[in-house]
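Data first, discussion second: the structure below is written as structure tokens.
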Amino acid sequence: MPCPTSIRTKKTKAVGIPTIDLSQSRAITSKSIVEACQEFGFFKLINHGVPHHAIAQLESQGFDFFQKPSSEKHRAGPPNPFGYGCKSIGSNGDMGDLEYLLLPSHNPATSILQSSISNDPLTFSHVVNEYVKSVRDLGCEILDLIGEGLWLPNKSVFSNLIRDVHSDSVLRINYYPGVQHIENRELSTKSHPSNDRIGFGEHSDPQILTILRANDVDGLQISLQDSIWVPVCPDPSAFYVLIGDVFQAMTNGRFVSVRHRAMANNSKNPRMSIMYFGAPSLNTWIAPLSEMMLPNDKSLYKPFTWAQYKKAAYSLRLADSQRDTELRNLLRPHPRPQPLPNHPTTKQDPIHLGQGNYPLFSSGVNSDPEGISSTGT
């Protein structure tokens with residue numbers, strides 16, 4: 001496995017992460033979420049209501065799988081698009097010692113894949129189904145609160161995208177082995193100091209939003225707009241919400257698609273992170289909502305379908321310098337519009353997610369060449 005790349009020369013510092021408490025009033029919560037999405041594109045979520053047993057059971061199932069012999073795990077791979085993977089992304093090895101499972105978020109109990117993952121596929125499917133339902137409901141609640149905080153006439157315009165039976169949402173479980181399980185660790189650390197190694201390279205998630213839960217081993221970092229990296233302290237009782245590229249486009253650049261990475265695991269204990277990637281259906285057109293623009297504002301993004309953007313996003317390797325260039329060209333905002341007032345606007349045009357025939361970016365490349373259908377930290 002390639003040696004993980006060292007950190008790019010950017011500063012790292014401690015910064016207060018926005019924390020949202022869902023037990024507070026809806027008015028306070030919705031306002032706080034919108035502010036966090038605009039400033040950070042990221043926030044910590046507490047008192048979220050997801051049952052503890054749903055989290056603990058999925059984590060236990062994940063550890064049971066990843067601790068199997070390599071030959072057994074490979075029976076569940078390679079991902080096509082779902083299954084087990086342990087490839088490096090990019091010729092520069094911009095992903096270190098990492099294994100993952102990618103699972104469908106819609107009725108995974110019907111998947112033949114379950115029997116190659118677990119010796120008790122019915123229990124595994126039940127555990128995955130319960131977790132996905134709980135986290136999807138949480139995602140819908142977050143998106144509805146955002147709709148309220150933005151004073152949209154249709155508060156469910158965002159949540160309806162992941163409620164859709166054809167939603168392309170997925171579940172991913174990342175596993176970073178503990179130090180004692182990594183072969184040739186001493187050799188790799190000679191050229192890459194332990195605190196200067198990347199486990200999963202810098203990226204943003206292309207979907208609407210990501211709901212992440214990790215165990216008590218640290219590693220996640222987010223990037224601020226001034227290129228400062230902020231370490232995120234682990235909290236197994238909380239979730240972390242990351243705004244994705246699609247949400248940035250739908251809000252006409254007012255929400256920030258947060259760039260993030262995971263540092264290589266230097267603990268004796270393994271790190272596990274579980275991500276629910278909330279995405280629209282493949283044929284959904286994405287365009288800025290008219291309610292997100294003042295009368296003189298212009299749309300900053302070319303309309304696209306989720307299928308087309310997804311194909312472009314996963315056609316390039318994570319470590320490929322062309323990846324950032326191409327994706328940023330697709331989602332590059334002009335100077336930000338002025339903040340909207342915190343009350344309903346007088347303009348009440350119908351909300352749309354893009355309609356008709358639009359000129360689109362070129363994407364004459366194979367989709368998902370690395371055998372992964374979603375990023376993660």
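The values are calculated or read from the model by the stated rules, or taken from the named source; none is laboratory data. Just so it is clear, the model here is predicted, and its values are computed rather than measured. Virtual Cβ from ideal backbone geometry, glycine too; neighbours counted across all protein chains shown.
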For the structure I just gave you, tell me whether ASP120 is more than 22 Å from the chain's Cα centre (by Cα) and either of a type in the set (Asp, Glu) or buried (at least 22 other Cβ atoms within 10 Å of the Cβ) (or both). yes
Scanning the stretch 256-303 for residues that are within 23 Å of VAL165 (Cα to Cα) and of a type in the set (Gly, Ala, Ser), the one surrounded by the most Cβ atoms within 10 Å (Cβ to Cβ) turns out to be GLY278
Quick one: would you say ASP205 is buried (at least 23 other Cβ atoms within 10 Å of the Cβ) and of a type in the set (Asp, Glu)? yes
Single unsatisfied condition, SER71 versus (1) in a strand (DSSP E or B); (2) out of contact with any strand residue (DSSP E or B) (no Cβ under 7 Å at 6 or more places or on another chain): (1)
Failed criterion for ASP226 (all others in (1) modelled with pLDDT under 90; (2) touching an Asp or Glu at 6+ places or on another chain (Cβ under 9 Å); (3) in a loop (DSSP other than H, G, I, E, B) hold): (2)
Mind telling me which of the residues SER30, SER23, SER70 ends up being at pLDDT 95 or above, over 18 Å from LEU171 (Cβ atoms) and surrounded by fewer than 13 Cβ atoms within 10 Å (Cβ to Cβ)? SER23
Exactly one condition in (1) closer than 20 Å to LEU102 by Cα; (2) at pLDDT 95 or above is false for TRP285; which is it? (1)
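Looking at VAL232, VAL246, can you tell me which residue is among the β-branched types (Val, Ile, Thr), touching a helix residue (DSSP H, G or I) at 6+ places or on another chain (Cβ under 8 Å) and buried (at least 19 other Cβ atoms within 10 Å of the Cβ)? Before you say what the answer is, go through the steps one by one.
Working: VAL232 fails: touching a helix residue (DSSP H, G or I) at 6+ places or on another chain (Cβ under 8 Å).
Step by step, each of VAL232, VAL246 is checked, and only VAL246 is among the β-branched types (Val, Ile, Thr), touching a helix residue (DSSP H, G or I) at 6+ places or on another chain (Cβ under 8 Å) and buried (at least 19 other Cβ atoms within 10 Å of the Cβ).
Residue by residue, here is whether (1) within 23 Å of PHE43 (Cβ to Cβ); (2) assigned to a helix (DSSP H, G or I); (3) of a type in the set (Gly, Ala, Ser); (4) in contact with an Asp or Glu (Cβ under 9 Å, 6 or more places away or on another chain) holds:
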residue	(1), (2), (3), (4)
ARG213	yes, no, no, yes
CYS233	yes, no, no, yes
SER257	yes, no, yes, yes
HIS260	yes, no, no, yes
LYS268	no, no, no, no
SER273	yes, no, yes, no
TYR276	yes, no, no, no
ASN283	no, no, no, no
